[in-house]
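Okay, so here's the structure we're looking at.
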Amino acid sequence: MRNRYHFSAKKGWINDPNGMIFAGGKYHLFYQYYPDDIKWGPMHWGHATSCNLSDWDEQETALFPDDLGMIFSGSAILDTENVSGFGSKEKPAMVLMYTSHDNEGPTEQQSIAYSTDYIHFEKYEGNPVIKNTPEMSGYKKDFRDPKIVKNTVIGGFTAVFASGDKIEFYHSDDLKNWEKTGEFLPGENGGFGELCECPDLFSLECDGKTYYVLLMSQAIDTSKRDDGHLKFFMQYFYGDFDGKTFTASEGCKKSGPLYPDFGPDNYAAVTFANMREAVMLGWAENWDYVNDTIATDYQGAMTLPRKVSLVETKEGKRLCFEVYVSDKTSLDVRKFSLNPGEKREVVAGKLSLEVTGDEIIVTRDKAFPAHVSGKLDEDAFHIFKSKRFIDGSSDVEVIVDEGLVEIFADGGLNVFTCRI
Ligand code: FRU
């Protein structure tokens, strides 16, 4: 049954959220979209808008594949100073930056598109704005998912990219000419260091100081690991951004890897642009099995938006999350408290939650997704664990929808997103 307040397309396939931004009095959500099938295919950017972040109106498709390839993930920014010349100060252009993915190479390059009505988008005639061809030295096979952020340290804009096992930073003053300013290696900073996707960079206050958070999705060779995680998941780092590159703080490096979500179904999550708070939303699926799950007219859903904060715990600084919609009364919210040693069914027969002394354990029914046999017998697909960062009882808030549950345990320090 269709989820009541988690976004899915009316028809067709969706994956990563793209270009999320508050502009023209509305929240905009773009997404990886293949309208003609319920499986991944030639990627477009679908588009939906909302006034309250829980009811979404689907708009016309924003970007279609072209000569440079499919339209892979990216982001949006509001050009309030009209540095691009695509709009005006009175009518700022929304500028989208995305990866043009040409299957032949495969070649991944970065392109831009713009709009002043925020519905109809024009591709820039000078695309790609960041080239990457096999003939060029420094060619990178995986070079994608630009997230543009306003650079409040040195001015202009920074685009954060996933480049193989690295994160790269580019700078621009006009959104058309870009220059590399730095890179960050997750694997050398206490995190996992294989293929990165969909990075994001944003700042948060903690103890009166500003910290930057570098968030990313990862695809990991699970045969090299024995920690029970699936191949696809997200990790984050906190530290400093000097306007050119990101440096993880010592505490972060020592505690890593750090996870924004301990459940299986939150991938490619990034934050909205042009909002005062950091509000994150992700694709509530996992590449490991999404193509094996039952679907009729549409496939893929998004998490609810979550406000992100950075808090000090006994284990060090950790991200903390709470659902962020205008009116929570329209959601099925279940609140309770569990003492260490207690276990509770969250959705009868489908999902349970247990708090031990120092762990939270979520168990999902093995029958999900019903027709995939064998694969789900592995614990990694139905038992999800996180280490606790606080002592004592756990305050839990659970948001239940038809096929998706979001669990915020320990006041939002331990989050699990699970399809059911
Ligand atoms: C992540 C991802 C991105 C890419 C997109 C293609 O889920 O693989 O790296 O841009 O999906 O649909």
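The values are calculated or read from the model by the stated rules, or taken from the named source; none is laboratory data. Every value quoted in this text rests on a predicted model; they were computed, and no experiment measured them. Neighbour counts are summed over all protein chains in view; Cβ atoms, including those assigned to glycine, are modelled from backbone coordinates with ideal geometry. We work out accessible area using only protein heavy atoms, side chains counted, and drop any ligands, DNA or RNA first. Shrake-Rupley method; radii C 1.70, N 1.55, O 1.52, S 1.80 Å.
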Checklist entry - So ARG276 clears everything in (1) within 16 Å of the ligand (Cβ to nearest atom); (2) over 26 Å from GLU359 (Cα atoms); (3) surrounded by fewer than 24 Cβ atoms within 10 Å (Cβ to Cβ) except one condition, right? Which one? => result (1)
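From the list HIS28, HIS6, which residue is more than 16 Å from the ligand (Cβ to nearest atom) and either farther than 17 Å from TYR114 by Cβ or open to solvent by 40 Å² or more (accessible area, probe 1.4 Å) (or both)? Spell out the reasoning first.
On the way: HIS28 fails: either farther than 17 Å from TYR114 by Cβ or open to solvent by 40 Å² or more (accessible area, probe 1.4 Å) (or both).
Unique residue meeting the criteria: HIS6.
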Item to check | Unmet criterion (only one of (1) in a strand (DSSP E or B); (2) in contact with a strand residue (DSSP E or B) (Cβ under 6 Å, 6 or more places away or on another chain)) for GLU205 | outcome: (2)
Checklist outcome for this item: When region 279-322 is checked residue by residue, the ones that are touching a Ser or Thr at 6+ places or on another chain (Cβ under 6 Å) and among the polar types (S, T, N, Q) are THR303
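Restricting to region 144-171, name every residue that is more than 16 Å from the ligand (Cβ to nearest atom) and touching a Gly at 6+ places or on another chain (Cβ under 7 Å). Don't jump to the end; show me each part of the working.
Taking region 144-171 and keeping what is more than 16 Å from the ligand (Cβ to nearest atom), we get 149-158, 169-171.
Matches in region 144-171: ASN151, VAL153, ILE154, PHE169, HIS171.
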Checklist entry - So, of the residues in region 179-195 that are over 30 Å from ASP377 (Cβ atoms) and buried (at least 21 other Cβ atoms within 10 Å of the Cβ), which turns out to be farthest from the chain's Cα centre (by Cα)? => result PHE184
Next on the checklist: Anything in region 48-87 that is in contact with a Pro (Cβ under 7 Å, 6 or more places away or on another chain) and within 22 Å of PHE161 (Cα to Cα)? List them, or say none.
Outcome noted: PRO65, LEU68, MET70, ILE71, GLY74, SER75, LEU78, ASP79
Checklist entry - So GLU188 clears everything in (1) in contact (Cβ under 8 Å) with a residue 24 or more places away in the chain; (2) more than 30 Å from SER88 (Cα to Cα) except one condition, right? Which one? => result (1)
Checklist outcome for this item: All-but-one check, LYS141 against (1) open to solvent by 10 Å² or more (accessible area, probe 1.4 Å); (2) within 16 Å of the ligand (Cβ to nearest atom); (3) assigned to a strand (DSSP E or B), failing number (3)
Checklist entry - Taking only pairs six or more apart or across chains, which ones have beta-carbon atoms under 8 Å, a first residue in region 400-414 that is more than 13 Å from VAL346 (Cα to Cα), and a second residue that is open to solvent by 10 Å² or more (accessible area, probe 1.4 Å) and of a type in the set (Asp, Glu)? => result ASP410/ASP395; GLY411/ASP395; GLY412/GLU322; GLY412/GLU397
Item to check | Selection from region 287-309 of residues that are charged (D, E, K, R) and open to solvent by 10 Å² or more (accessible area, probe 1.4 Å) | outcome: ASP288, ASP292, ASP297, LYS307
Checklist outcome for this item: Checked LEU68, LEU96 against criteria (within 16 Å of the ligand (Cβ to nearest atom), under 22 Å from GLU179 (Cβ atoms) and open to solvent by 30 Å² or more (accessible area, probe 1.4 Å)); the one match is LEU68
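Each row is one residue, and each column tells you yes or no for (1) within 16 Å of the ligand (Cβ to nearest atom); (2) aliphatic (A, V, I, L, M).
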{"position": "LEU258", "(1), (2)": "no, yes"}
{"position": "ALA269", "(1), (2)": "yes, yes"}
{"position": "ALA301", "(1), (2)": "yes, yes"}
{"position": "GLU315", "(1), (2)": "no, no"}
{"position": "VAL333", "(1), (2)": "no, yes"}
{"position": "PRO340", "(1), (2)": "no, no"}
{"position": "VAL355", "(1), (2)": "no, yes"}
Checklist outcome for this item: Apart from one, (1) touching a strand residue (DSSP E or B) at 6+ places or on another chain (Cβ under 7 Å); (2) open to solvent by 30 Å² or more (accessible area, probe 1.4 Å); (3) among the charged types (D, E, K, R); (4) farther than 21 Å from ALA269 by Cβ all hold for GLU81; the odd one out is (1)
Item to check | Pair list, Cβ < 7 Å and 6+ apart or interchain, from region 142-169 residues that are of a type in the set (Gly, Ala, Ser) to residues that are more than 16 Å from the ligand (Cβ to nearest atom) and part of a loop (DSSP other than H, G, I, E, B) | outcome: GLY156/ASP173; ALA159/TRP178
Item to check | Selection status of ASP242, over 16 Å from GLN110 (Cβ atoms), acidic (Asp, Glu) and either buried (at least 18 other Cβ atoms within 10 Å of the Cβ) or more than 18 Å from the chain's Cα centre (by Cα) (or both) | outcome: yes
Next on the checklist: Are there strands (runs of 3 or more DSSP E) fully within region 1-82 with at least 3 residues that are out of contact with any helix residue (DSSP H, G or I) (no Cβ under 9 Å at 6 or more places or on another chain) and free of Cβ contacts under 8 Å to residues at least 40 places away in the same chain? List them.
Outcome noted: 44-50
Checklist entry - What single numbered condition from (1) open to solvent by 30 Å² or more (accessible area, probe 1.4 Å); (2) touching a His at 6+ places or on another chain (Cβ under 9 Å); (3) of a type in the set (Gly, Ala, Ser) fails to hold for SER255? => result (2)
